[in-house]
Every structure is written in structure tokens, then in C-alpha cells.
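Here's the structure we're looking at; comments come further down.
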Amino acid sequence: MGNQKCGKHSFILDKPPVITTWASVAGKKESEGPLSSTFDITKKDSYFGEKTWEQAEKRMQQIALEQLSKKAGIPKRDFGLVFSGDLLNQCIGSSFTLRNTGIPHIGLYGACSTMSESLLLASMAVGGGFFDKVVAMTSSHFASSERQYRFPLGYGGQRPPTAQWTVTGSGAALVCAGGKGPQITGCTVGTVTDLGIKDANNMGPAMAPAALATIRTHFEDMKTSAEDFDLIVTGDLGQLGKEALLTIAQKEGISLGGKLMDCGTQVFDLLKQDVHSGGSGCGCSAIVLCGHLLDQLNSGKLKKILFCGTGALLSPVSTQQGLPIPGVCHAVSICGG
């Protein structure tokens with residue numbers, strides 16, 4: 001096996017893994033947004049037939065995995081490995097989804113960067129020859145996230161204009177050693193970046209420096225630029241975070257070439273749906289990728305994107321102790337099939 005390391009934080013894949021199948025599950029509010037037609041399954045019931053919000057999140061991942069298996073035409077037991085995570089304490093959404101399935105599972109926590117983190121690790125596992133079929137998956141739920149990070153919905157707390165709306169959804173992608181579909185050609189592992197922002201209701205600008213750091217590193221390591229991509233996709237900075245990223249990129253002389261798209265500004269209609277600064281949560285970039293973006297790449301409407309999942313690494317404890325919010329971003333270069 002040749003040395004696939006490229007620069008300081010990146011690696012190329014000599015035999016690019018293929019995303020052969022993808023599946024997405026979305027909730028009621030998401031089904032009313034502009035990307036509704038790109039989701040495989042939508043539900044009007046935010047409980048997804050379960051008794052609690054947390055169990056609903058588990059059920060979303062189960063549905064996504066079942067849909068992935070159905071679309072791939074293989075039983076779930078043939079999945080060699082699943083990388084997955086969520087926003088719940090101890091990632092119970094993911095572990096409860098995979099319990100008693102017999103499928104090898106590695107749990108992850110990258111906050112809202114989990115879709116890119118799981119996809120990056122899946123590409124390493126397949127590209128390194130360790131597994132042939134690996135699933136990258138994540139989820140989030142508006143109500144469970146509000147209860148954990150801010151206030152239960154029954155509290156009736158007011159959300160400031162800077163706040164984002166956590167997406168209720170789950171996305172799953174099957175990464176294989178061969179087959180047809182979009183290919184993962186290279187990745188950049190992000191570094192944790194902290195500029196001292198403490199407002200848990202304004203996480204987009206907290207994550208923006210991490211997004212820029214990873215994009216810049218990817219450009220430098222891979223000797224590439226914004227011009228080599230149809231889109232540079234962040235997820236999920238929201239409107240304010242996207243504006244912050246553009247501002248600091250301009251100050252640092254880094255051109256994004258008018259290619260920047262943020263999943264948090266795409267999944268909802270910011271004018272018609274009351275989501276303030278846009279969407280957020282692990283499920284935000286997951287359902288945008290495992291629906292709209294991979295469909296576009298597979299059809300040839302997009303040729304190459306840089307998928308940059310962004311995560312705010314806070315917890316209720318760190319927020320209560322007045323600590324700032326570090327951010328992280330991982331980048332995955334995906335070419336059309």
C-alpha cells in the first residue's frame with residue numbers, strides 16, 4: 001500500500017471508495033422545506049411512532065438503515081461496519097439503533113460534523129482495504145436537542161434571532177470498494193478551533209473559523225482551490241455563520257470563488273419558515289448530502305464538491321461553566337459517478 005498522506009492533515013485515495021447508495025429520513029418541518037422532494041422518507045409525526053423524542057431519534061436511524069439496505073439490495077447483516085453518532089448524551093440514538101443487529105459498530109461524536117466525520121472514516125476503512133461495505137450515518141432531532149442543550153419545549157423559552165433550528169432527520173451512506181456512484185477522492189481531518197465565543201444560541205460564527213481552517217488546509221495540502229469545485233458545502237453554519245466565514249476568508253485573502261453553500265441555509269426556507277438563522281444539527285448536513293447533493297453528483301449536475309461538516313463542541317456542562325464553544329470541521333472531496 002502506497003503512502004496516501006498528502007500534506008499535514010489530508011490524504012488522497014488511490015482507489016477512491018464509491019458511495020453506491022444513500023438514504024434520508026426527515027421530519028415534518030423539513031418536509032415543508034425546499035428540499036422535500038429529495039428525501040426518501042418523511043414523517044408528519046415527530047415521535048416517529050415512539051414514546052419519547054430520544055426514541056424517535058433512534059427510530060429515524062433504524063428507518064434510514066432499513067431504507068439503505070432496501071435501496072442497496074442487500075441485507076443489513078452484509079454491512080461490514082457502521083460509523084455513526086448523534087447529539088444525545090453517550091450517543092444513545094446510534095448505539096440503541098445498532099444493538100442486537102450483529103453489525104460491527106464504531107460510535108462517534110463530532111457534533112454537527114458527524115456526517116463528514118463518519119464519511120471520512122468510512123473512506124479510510126474502505127480505501128485502506130479493511131472493509132468492503134461501510135455505512136456512514138448520523139441523526140438529530142429538534143426536540144431532543146432543545147431539551148439537552150437549552151430548555152425543554154414545555155418551558156416556552158424564547159429563541160433569539162441568532163439561533164438555529166435543529167433538523168429532525170437522519171442520513172446514511174453506503175461506502176464500498178467498488179460499484180457505481182459518487183467517489184471519495186480525498187479528505188482533510190480538521191483541528192479543534194476556539195476563538196472564545198460563548199453564546200450557545202449563536203453557534204454558526206463559533207464554527208466558522210474551524211470551517212475556514214479546514215478549507216484552507218485542504219487547499220494547501222491538495223494543491224487545489226475553489227475553482228476546482230462546483231460547490232464548497234459547509235454544514236451547518238446557518239446564515240450568520242456563512243456570512244462570518246465569508247468575512248474572515250476575505251480578510252485572510254482566501255478565495256471561495258462564489259462556490260460556498262451551507263446546508264443550514266438550504267434545508268429550510270429562511271423567509272417562510274420560522275427558523276431564524278437556519279438549520280443545524282447532525283441531521284442537517286446528513287439529509288442534504290444523502291438526498292440533494294449525492295443525487296446531483298450521481299446525475300452529473302454536479303461534478304465535484306468539497307463537503308465540509310462543521311461541529312460546535314459544547315455540552316450542557318461546559319455552557320453552564322461559562323466555557324467557550326470550540327469548533328471542528330472535516331472535509332471530504334466527492335466526485336460525480
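Among the residues that make up region 7-15, is at least one of them under 19 Å from L293 (Cβ atoms) and either out of contact with any helix residue (DSSP H, G or I) (no Cβ under 6 Å at 6 or more places or on another chain) or among the aromatic types (F, W, Y) (or both)?
The answer is no; no qualifying residue exists.
What number goes with the only condition from (1) farther than 17 Å from G169 by Cβ; (2) buried (at least 19 other Cβ atoms within 10 Å of the Cβ); (3) free of Cβ contacts under 8 Å to residues at least 12 places away in the same chain that F11 does not pass?
Failed condition: (3).
Just one of V317, V328, V288 is farther than 27 Å from D228 by Cα and in the same structural domain as D194 (by TED's automatic domain parsing); which is it?
Numbers: V328 fails: farther than 27 Å from D228 by Cα; V288 fails: farther than 27 Å from D228 by Cα.
None of the others qualify; the one that does is V317.
Name the single residue that is farthest from the chain's Cα centre (by Cα) among those in region 154-182 being assigned to a strand (DSSP E or B) and either surrounded by fewer than 20 Cβ atoms within 10 Å (Cβ to Cβ) or modelled with pLDDT under 95 (or both).
Looking at residues that are assigned to a strand (DSSP E or B) and either surrounded by fewer than 20 Cβ atoms within 10 Å (Cβ to Cβ) or modelled with pLDDT under 95 (or both), I get W165.
Among the numbered criteria (1) crowded, with 18+ Cβ neighbours inside 10 Å; (2) at negative phi; (3) assigned to a helix (DSSP H, G or I), which single criterion is violated by I92?
Failed condition: (1).
Checking the structure you have, find out if any residue of region 68-85 is within 19 Å of the chain's Cα centre (by Cα), surrounded by 18 or more Cβ atoms within 10 Å (Cβ to Cβ) and more than 15 Å from L174 (Cβ to Cβ).
Checking region 68-85: at least one residue is within 19 Å of the chain's Cα centre (by Cα), surrounded by 18 or more Cβ atoms within 10 Å (Cβ to Cβ) and more than 15 Å from L174 (Cβ to Cβ).
Does G337 satisfy the condition of being under 21 Å from the mean Cα position of the chain (by Cα), under 20 Å from A172 (Cβ atoms), surrounded by fewer than 20 Cβ atoms within 10 Å (Cβ to Cβ) and at pLDDT below 95?
Yes; evaluated as a whole, the condition is true for this residue.
Please work out which residue is surrounded by the most Cβ atoms within 10 Å (Cβ to Cβ), limiting yourself to region 238-277 and to residues that are under 18 Å from E30 (Cβ atoms) and of a type in the set (A, V, I, L, M, F, W, C).
V267
Output the residues belonging to region 28-53 that are assigned to a helix (DSSP H, G or I) and modelled with pLDDT under 95.
W53
Identify the residue in region 109-148 that is under 14 Å from the mean Cα position of the chain (by Cα) and of a type in the set (V, I, T) and, among all such residues, is surrounded by the most Cβ atoms within 10 Å (Cβ to Cβ).
So the residue we want is T138.
I'd like to check which strands (runs of 3 or more DSSP E) are fully inside region 232-337 and have at least 1 residues that are within 23 Å of Y149 (Cα to Cα) and among the acidic types (D, E). I'd like the intermediate steps shown before the answer.
Details: elements: 260-262, 304-312, 327-335.
Result: 260-262.
Please determine, by comparing only the residues of region 95-108 that are in a helix (DSSP H, G or I) and touching a residue at least 24 places away in the same chain (Cβ under 8 Å), which one is surrounded by the fewest Cβ atoms within 10 Å (Cβ to Cβ).
Among them, the one singled out is F96.
Considering each of S113, S139 in turn, give the residue that is within 22 Å of C308 (Cα to Cα) and outside any helix (DSSP H, G or I). Talk me through it step by step, then tell me what you get.
On the way: S113 fails: outside any helix (DSSP H, G or I).
Exactly one of S113, S139 is within 22 Å of C308 (Cα to Cα) and outside any helix (DSSP H, G or I), namely S139.
The values are calculated or read from the model by the stated rules, or taken from the named source; none is laboratory data. The structure presented is a predicted model; accordingly, all values stated were derived computationally and were not measured. Don't worry about glycine lacking a Cβ; one is built from the backbone with ideal geometry, like all the others, and counts go over all protein chains shown.
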